[in-house]
1. What is the residue count in region 182-206 for residues that are open to solvent by less than 30 Å² (accessible area, probe 1.4 Å), aliphatic (A, V, I, L, M) and in a loop (DSSP other than H, G, I, E, B)?
2. Among the residues of region 34-51, count how many are free of Cβ contacts under 8 Å to residues at least 60 places away in the same chain and surrounded by 18 or more Cβ atoms within 10 Å (Cβ to Cβ).
3. Tally up the residues in region 4-55 that are farther than 24 Å from residue 108 by Cα, of a type in the set (Val, Ile, Thr) and not in a helix (DSSP H, G or I), please.
4. Please verify whether residue 281 is more than 16 Å from ligand 1 (Cβ to nearest atom), over 25 Å from residue 14 (Cα atoms) and open to solvent by 70 Å² or more (accessible area, probe 1.4 Å), treating the condition exactly as stated.
5. Identify all residues within region 101-121 that are in contact with a Phe, Trp or Tyr (Cβ under 7 Å, 6 or more places away or on another chain) and within 16 Å of ligand 2 (Cβ to nearest atom); write none if there are none.
6. Considering only region 135-169, state which residues are polar (S, T, N, Q) and either free of Cβ contacts under 8 Å to residues at least 40 places away in the same chain or surrounded by 23 or more Cβ atoms within 10 Å (Cβ to Cβ) (or both).
7. Kindly indicate which of 233, 249 is open to solvent by 30 Å² or more (accessible area, probe 1.4 Å) and either within 28 Å of residue 310 (Cβ to Cβ) or free of Cβ contacts under 8 Å to residues at least 24 places away in the same chain (or both).
8. Among the residues of region 320-331, are any open to solvent by 80 Å² or more (accessible area, probe 1.4 Å) and modelled with pLDDT of 95 or more?
Amino acid sequence: MILVTGGAGYIGSHTCVALAQAGHEIIVLDNLCNSRADVVGRLSRLCGQEVRFVQGDIRDGPMLDKLFATHPISAVLHFAGLKAVGESVNEPLAYYDNNVNGAVQLLDAMRRARIKTFVFSSSATVYGDPASVPISEDFPRAATSPYGRSKLMVEDILADVAHAEPEWRIARLRYFNPVGAHESGLIGENPQGVPNNLMPYVAQVASGQREYLNVWGNDYPTPDGTGVRDYIHVVDLAEGHLAALDYLHRQGGLLTVNLGTGRGFSVLDMVGAFERACGQAIAYKIAARRPGDIAACWADPSRAQELLGWQAKRGLDQMCVDAWRWQQSISRGGGG
Ligand code: NAD
Ligand code: WQD
């Protein structure tokens, strides 16, 4: 059985589906600070199994001890955490507590229970402002926000744990920009308030919830002047976790890999692709650069392909079609 922390959230829920499809039994632990309990029912439908759900916090050691003592858990996929870069600048302690202290509490409880297989949601944010693209795993790391620093810190803690106790099997997966949703339209990303990220914002413009998109800068040194990112379909990302878990079972040790497509698309490319998907124009205005943004960021995904035999399969159009289907489902009051 696999424990999925943050399994009611965006990436965790899609990974639960992939795990269940591969025959794994799963149990979700989530405190619902950024998700809703009704995801679990939809997840059970998609997984074809009653998904066990515990509402609780990864910082609650006694609860974790009980959870590990009462379930045959062999591995932990750790998605739970806070992820808003801007918010982390204003509330750094909340980020260090949730993301760093939370990971330490979880790892310590695993150690007490002698469970030593761990997959961590890291981020391309650990590369800061890269000197060049594509970005490979040996690029220098740098944090540009407390959120990013919390990811760097947990990556380092995991390296220390792997060094001290080589029997641990640990994956540090650096996600690029996850977008899209499950093709069923039953699960997806449903941010509270004004979306920070591009894709949910564009989807809300398409659905009429917002008037227009602000394009944060068109004077970057990129082909059309707007920011370029490596957008990866969330189902491809979910499948990357399965491949990482298989690798850990085969090889053990400490694995660090990028999960991206290896292709960069600009903000205007994304707007164009979404327009094709939803069949209508997306209104946008060019605005000033967003502080802290970088010009371009995309992965060198060759290590994941070589070590995991994994590569992203879903293209830009599918990302947008699936995101649009999900947005319509939310607008009808169906999801999220
Ligand atoms: P999400 O907010 O949708 O999911 C995280 C889940 O964790 C939520 O359901 C939330 O309720 C839960 N949670 C938060 N703190 C918790 C705690 N202390 N105890 C128990 N549950 C808690 O976010 P997501 O987009 O699915 O991201 C999952 C992970 O991937 C995060 O660690 C995030 O930092 C990382 N990541 C996300 C992105 C991205 O763009 N979405 C990119 C790179 C890395
Ligand atoms: C993408 C592009 C914006 C919104 C963030 C985190 C990163 C990772 C993924 C967790 C940029 C532009 C955006 C808008 C716009 N998360 N944009 N108008 O900034 O690459 O990465 O999410 O680990 O850590 O920093 O993603 O979706 O916010 O922006 O023009 O309203 O879209 O400037 O070029 P980003 P994003």
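The values are calculated or read from the model by the stated rules, or taken from the named source; none is laboratory data. Note that this is a predicted model, so its numbers are computed, not measured. Here the Cβ is made from the backbone with ideal geometry for all residues, glycine too, and neighbour counts use every protein chain on show. Heavy atoms of the whole protein, side chains included, go into the accessibility calculation; ligands, DNA and RNA do not. Shrake-Rupley method; radii C 1.70, N 1.55, O 1.52, S 1.80 Å.
1. Residues that pass the stated criteria total 1.
2. Of the residues in region 34-51, 4 are free of Cβ contacts under 8 Å to residues at least 60 places away in the same chain and surrounded by 18 or more Cβ atoms within 10 Å (Cβ to Cβ).
3. 1
4. Values: more than 16 Å from ligand 1 (Cβ to nearest atom): yes; over 25 Å from residue 14 (Cα atoms): yes; open to solvent by 70 Å² or more (accessible area, probe 1.4 Å): yes.
Yes, satisfied.
5. 121
6. Initially, region 135-169 is screened for residues polar (S, T, N, Q), giving 136, 144-145, 150.
The answer is 150, and nothing else.
7. Details: 233 fails: open to solvent by 30 Å² or more (accessible area, probe 1.4 Å).
Going through 233, 249 in turn, the sole match is 249.
8. Yes, the conditions are met somewhere in region 320-331.
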